[in-house]
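Bear in mind that the values in this text are calculations on the coordinates, not laboratory data. In this text the structure is predicted, and so the values were computed from the model without any measurement. Cβ placement follows ideal geometry from the backbone for every residue including glycine, while neighbour counts extend to all protein chains displayed.
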Amino acid sequence: MTCDLKQTILQMDGRVPRYTSYPTAPHFKALTSDEAYVNAIESLPDDAPISLYLHIPFCPKMCWYCGCNTKVTRRYAPVEDYVHLLLREVDLVAEKTGRKSVSHIHFGGGSPSYLRGEDFDLLMEKLRARFNILGDAEIAIEIDPRNVSEERVASYARQGVNRVSLGVQDFDDKVLAAVNRQQPFELSYEAVRLLRRYGIDDINLDLIYGLPHQSCDTMKKAIALALTLKPKRFAVFGYAHVPWMKKHMRLIEEGTLPDKDLRYDLFQTACDELAAAGYQMIGIDHFALPDDTLAMAADQGTMRRNFQGYTVDSTQTMIGLGVSSIGQIDGRMYAQNACDMPAYKAAILDGRLPVQKQCPITAEDRLRADVIERLMCDFTVDLAQHCTAHGFPANHLDAEAARLQPYEAMTFVTRTGSRVTVSPDARLMVRSICAVFDTYLAASTSQAPKHAQAV
């Protein structure tokens with residue numbers, strides 16, 4: 001990529017959403033009543049599978065780069081108590097939905113691998129008792145290599161876990177020490193060896209660029225070590241430094257963070273190294289081997305994007321379980337559980353669903369969400385075709401298309417009739433291009449930054 005192109009991208013970079021939903025989470029509103037949510041989950045179609053997301057908001061130690069909703073506890077008792085709250089929430093939800101078929105289950109956090117094997121068993125057995133878990137369901141869990149034990153992995157295998165995302169982030173000792181994460185490479189190596197011994201072969205590795213003391217050399221070394229683990233997929237996420245939102249990020253010495261130029265080079269280094277190793281770039285930050293299901297979905301134009309990032313999950317409903325979890329209900333609304341543990345606990349113990357925020361999805365929202373998702377996944381979209389498919393005039397988004405002119409002038413975007421296509425060299429700009437179709441972002445009057453830079 002030319003130096004001029006790099007500088008143009010950096011100059012046009014801005015704070016924009018990651019577009020794992022539309023409308024995005026900052027536009028969710030506090031509930032005055034849960035009636036709409038209850039009605040939505042009670043009226044879900046009987047013949048359409050759903051997905052479940054379970055949030056485990058605990059870690060034994062805080063990593064200073066973390067942007068997740070999590071709480072540090074060295075004692076296991078709060079985690080065990082939380083598991084029993086989750087079990088009650090599953091019952092409360094299932095009483096409303098009935099015994100729905102489930103095609104995807106995802107455990108996120110925090111550190112879901114902090115759960116002891118016996119508690120993971122309890123949760124999965126409860127889900128099987130209240131829902132019909134399909135035989136080919138994807139059951140995925142995010143794992144911290146520092147929490148891996150044979151007892152836990154045996155539970156994953158016993159309960160049908162078939163995909164694991166291993167959060168390695170980096171392998172450089174100096175980089176990891178600067179973010180309060182001590183994690184020798186051997187821990188990741190042993191975790192992968194143990195997972196494969198128990199038959200769990202679909203392994204993703206998560207890396208982060210933009211951390212303190214990273215250089216292109218350290219990135220190359222991290223990728224080289226990661227490749228020895230032979231994962232099916234990689235995710236290479238940019239660290240979002242938002243100390244005004246996450247106070248623990250203030251513990252990072254800002255002078256050690258890479259500047260924008262170096263952040264760009266770090267990501268390009270990762271892209272080049274993974275491409276040379278045979279991984280196909282997927283979307284803006286994922287990489288997969290050509291025979292992986294995500295790569296095949298990307299090739300076929302069926303890949304989706306949700307709160308877990310890029311996915312093959314095609315369901316219209318994801319129900320969030322646990323504190324702060326977000327769900328989407330049949331394309332009609334987003335709903336978020338209480339982010340505050342005492343409020344979540346009080347609702348569960350009172351026999352109430354803990355949903356605290358919602359966002360109705362209008363017909364206009366569905367159209368724009370569809371356009372943004374296709375751009376984020378395919379980097380091309382026919383605006384007229386999508387408008388008419390959603391019941392709008394073919395020219396409904398012409399004003400937004402016209403506002404793409406600056407990106408056209410930079411050759412980041414081409415327009416052929418009503419089709420908009422993002423240049424392969426401009427992938428890092430696609431979030432900014434999607435923002436042109438975001439009416440909520442344009443209307444926002446907040447002075448506080450809510451989003452990280454795209455690069």
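Worth a mention:
- Protection proxy ranking, highest mean first, for peptides 168-178, 288-298: 168-178, 288-298, where packing is the per-residue count of other beta-carbon atoms within 10 Å, averaged.
- Put a dot 7 Å past the Cα of Ala48, heading toward its Cβ, do the same for Met296, and the two dots end up 2.5 nm apart.
- Mean separation of Cα contacts under 8 Å (6+ apart) over length of region 317-389, as relative contact order %: 21
- Fully extended contour minus Cα-Cα distance, from Thr388 to Cys68, at 0.36 nm per residue: 111.4 nm
- Stokes-Einstein D in µm²/s, Kirkwood radius over Cα pairs - the chain at 10 °C with 1.306 mPa s viscosity: 69
- Mean Cα-pair separation over length for region 362-455, i.e. relative contact order, pairs under 8 Å, 6 or more apart, %: 27
- Within a straight-line Cα-Cα reach of under 23 Å, Lys230 can be paired with the following lysines, leaving aside sequence neighbours fewer than 8 residues apart in one chain: Lys220, Lys221.
- Modelled FRET efficiency - R0 41 Å, Ala276 with Ala363, Cβ distances, 0.05 increments: 0.35
- Highest to lowest packing among 38-48, 226-236, scored as the average C-beta count within 10 Å: 226-236, 38-48
- In this structure, Glu95 and Lys246 have a Cβ-Cβ separation that, at R0 = 51 Å, corresponds to a calculated FRET efficiency of about 0.90.
- The relative contact order of region 14-321, computed from alpha carbon pairs under 8 Å that lie at least 6 residues apart in sequence, is 19 percent.
- Greater than 29 Å apart at Cα, pairs in Lys247/Lys345; Lys100/Lys246; Lys174/Lys246: Lys100/Lys246
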